[in-house]
Amino acid sequence: MQRTLLLALALSGLSYNAIAQKARPANTHSVDERVNQLLAQMTLEEKVGQLNQYTSDRLATGPLTENSSKYEDIKTGKVGSMLNVRGAKDTRMVQELAMRSRLKIPLLFGLDVIHGYRVTFPIPLAEASSWDMKAIETSARVAAAESAAAGIHWTFAPMVDIARDPRWGRVMEGAGEDTYLGSMIAKARVKGFQGKQLGDLDAVMACVKHFAAYGAAIGGRDYNSVEMGDRTLWETYLPPFKAALDAGAATFMNSFNDLNGIPATGNSYLQRDILKGKWGFTGFVVSDWSSIKEMIPHGFAKDPAQAAEIAIKAGSDMDMEGRAYITSLVKLVNDKKVDVAIIDDAVRRILRKKFELGLFDDPYRFSNEAREKKELNSYANRAKARDVAKRSIVLLKNDGQLLPLSKNTKTIAVIGPLGRSNIDMMGFWSVKWDNDKLVSVYEGLENKLGKNTKLLYAKGCGITDTSKAGFAEAVATAKQADVVIMAVGEAYDMSGEAKSKANIHIPGVQEELVKAVQATGKPVVVLTMSGRPMIFNWIADNAKAILHTWWLGSEAGNAIADVLFGDYDPAGKLTMSFPRSEGQIPVYYNHKSTGRPSPTDLAGSYRSGYLDMPNSPRYAFGYGLSYTTFELSDLKLDKKAFVDTDSITVTCNLKNTGKYAGEEVVQLYLQDVVASVTRPVQELKGFEKVSLKPGESKTIKFVINKEMLSFYDQQMKWTAEPGEFKLMIGNSSDHITLRTNFELTDRSANQ
Ligand code: GLC
């Protein structure tokens, strides 16, 4: 009977267990009761199996090692989760293997849905440039809905690593250099991924990564060590993780780096004292790809058994593709080196999420091909991707108002190696598809312009090659056009994981190509594209119009065309400084004053600077132009001094003084002038993105409170100290138009 039934069920698309699961009465016990009931039935081997995660071979996102037994292991309860299995059909198939295990504990399916699943959204560093929390949440919402429809329970996102070093390829995955903005974006992305509640069929578990301080790798070299004081860790790098946790993040992922000599994976200060202790995190921590076993090459463990012992004791609950736990933990417990209570805690954390996702009621509930077909790549999802993409574009220069272009331009030449590229538009960490339709720049223009505009194209040169053989054709093509649009930059896989670069200039001879084309005297618009801040000083000095378009995903070309022709007035603002030279790195806006600040931005007369270059970046944090102009005025404070139980209300007026409707990001920066530890010369403490029609005005309001003035003092106590503060309001960290000061007074002084 069994075989016949299975065959019949297989044909009906439902497995034996799916029926059995459906037959199971709705459970009235609480999740914790159900977890404990199940735990009591589990053998030690089955418990350790829950802490083990394997990758599918199809989509390896790390160094693959031979593992022929993985599917057998699933059937015998030795695997708790799989990553890189995607699609309703494949996840159902693999889940069915787990349903053959003794206790039929469902697998969790995880995937790097970093900026979109089927429809690719802009890379996170691009989205961050929108400063638009609603757009960022929408992007994560669509990614969740599509991936959940494809059988995914869990995305390894958001990456919330603060990054001040553009040599590090993974800056593309985060929100840039600022803690306040990064914390808001972390929250928006967790809310987007997890939706209303876990278990909804359009929601996936978030995974906040990489815990912690991975973005401060020395030299910007991926996986390198991190050395930093506690104050920098707590003030700059940890807050986005706490913001994500407060937003309800279900899981965390630790990081490859060692922090002050202790690998994050084996760092109980990070994972137990802070995350699970002080912050009270009740979800689970997954290691990064084989980061448990990598404590051996770190020189922190002598063998997989010791690595497993260190990691489980330090609070790493699940072993991603390391096979340290599955090969060592049972013996470690039997040898009394690891207390089974530690194992039980990790298993509970994982089982709790499986119950919350409803997987014990129906292990296949996310693996529904009909829903997958309906949700993926829908017109509505692509429209949202286009909207987020256009908001992510940053206008760096627009001399003589060359932009926006007229749609009646007769002939337009697209020149450069990225002008007709589709694949590069997707950026790193996209979920790759064979037949993906990523709209190129050229196609975006075709879609936008009528038949009366003639489009020309010349590649000019490759992205990295040094040959100028294509220059002549590019120049000749430019001469035939009324306007030239150049598309230059990196390839999509020159940033991302393991993509650090010591030289972040635009690669190859692309800048020389721009120079050659510009020499024709034709109006040239330069589109710079990359996953990181790049250096392009000649273009910055000589081009009339520059749009930094990052990697904008599926709708890249259409969003770029929306901006080029004024259907959308660009409003993006950089969230990472663009250096003038690699020699300046790290260069970031919220730096300290030093004892010898360089007011003229240059060295000399014993000031802190360089002999050969200003201290300031090429483009500053918060910088981005618009087709229209805005004016900030009328700064008012309701008081000039306040005690820490009170607050100050700040208002100012923003007016659109130009001829286009547009959006402005009004940024509030504060400086603690004197404190018991040195403080940054400015720190973003508030912003408001405002949309105004020509001539329209709006009063902007900020409320300043003690929390905004607080920092960790010499005893690492979070406090605000009485004294003078400088207040700065502008549309960029280096373009402040309203300034004043105020005082935090000591309460005792007022009594
Ligand atoms: C990678 C990355 C991590 C990713 C994981 C699974 O090595 O560091 O961000 O989520 O492995 O692909």
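Readers should treat all values here as calculations from the given coordinates under stated rules, not as data from a laboratory. Being a predicted model, the structure only gives us computed values, none of them experimental. Neighbour counts are summed over all protein chains in view; Cβ atoms, including those assigned to glycine, are modelled from backbone coordinates with ideal geometry.
Tabulated data
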{"read-out": "C-alpha center-to-center spacing [segment 171-218, segment 462-478] in angstrom", "value": "41"}
{"read-out": "Segment 630-750: relative contact order in percent, alpha carbon pairs under 8 Å with at least 6 residues between", "value": "31"}
{"read-out": "Gain upon complete extension [Tyr606, Asp634; 0.36 nm per residue less C-alpha separation]", "value": "6.2 nm"}
{"read-out": "Gly419 long-range amide H proximity, modeled H, under 5 Å", "value": "Ala487"}
{"read-out": "Long-range HN-HN contacts of Gly624 with modeled amide H, under 5 Å", "value": "Leu574"}
{"read-out": "Neighbour cut-off at most 11 other Cβ (10 Å), DSSP loop, chymotrypsin sites (Phe, Trp or Tyr not before Pro), segment 556-649", "value": "Tyr606"}
{"read-out": "Distance in nm between pseudo-label sites at Glu72 and Ala40 (7 Å out along the Cβ direction from Cα)", "value": "3.4"}
{"read-out": "Three-way shape label, segment 630-750, alpha-carbon gyration tensor, a/c 1.5", "value": "prolate"}
{"read-out": "Cβ crowding within 10 Å averaged over residues, with 708-716, 364-372, 146-154, 417-425 ranked highest first", "value": "146-154, 417-425, 364-372, 708-716"}
{"read-out": "Vicinal HN-Hα couplings computed from phi for segment 689-696 (Karplus, 6.51 cos²θ - 1.76 cosθ + 1.60; Hz; Gly/Pro x)", "value": "9, 10, 9, 9, 7, x, x, 6"}
{"read-out": "Rounded, prolate or oblate (a/c below 1.5 giving rounded, otherwise prolate when a/b exceeds b/c) for segment 389-582 by Cα gyration tensor", "value": "rounded"}
{"read-out": "Distance between segment 631-670 and segment 702-751 - C-alpha centres, whole angstrom", "value": "15"}
{"read-out": "Cut-off under 5 Å, modelled amide H: who pairs with Lys544 long-range", "value": "Val524"}
{"read-out": "Asp345-Asp434 pseudo-label distance in nm [points 7 Å out on the Cα-to-Cβ vector]", "value": "4.8"}
{"read-out": "Gain upon complete extension [Ser467, Val31; 0.36 nm per residue less C-alpha separation]", "value": "150.6 nm"}
{"read-out": "Kirkwood-Stokes translational diffusion coefficient of segment 342-492, alpha-carbon pairs, 25 °C, 0.890 mPa s, µm²/s", "value": "125"}
{"read-out": "Largest to smallest principal axis extent of the C-alpha atoms in the chain, angstrom", "value": "80, 76, 47"}
{"read-out": "Projected label distance in nm at Ser378 and Lys701, using a 7 Å step from Cα toward the beta-carbon", "value": "3.7"}
{"read-out": "J(HN,Hα) series, segment 629-634, from Karplus relation 6.51 cos²θ - 1.76 cosθ + 1.60, nearest Hz, glycine and proline x", "value": "10, 10, 10, 9, 7, 6"}
{"read-out": "Segment Asn537-Asn741, extension gain: residue separation times 0.36 nm, minus the distance between their alpha carbons", "value": "69.9 nm"}
{"read-out": "Per-residue ³J(HN,Hα) for segment 720-728, Karplus 6.51 cos²θ - 1.76 cosθ + 1.60, θ = phi - 60°, Hz, x for Gly and Pro", "value": "10, 9, x, x, 8, 10, 9, 10, 10"}
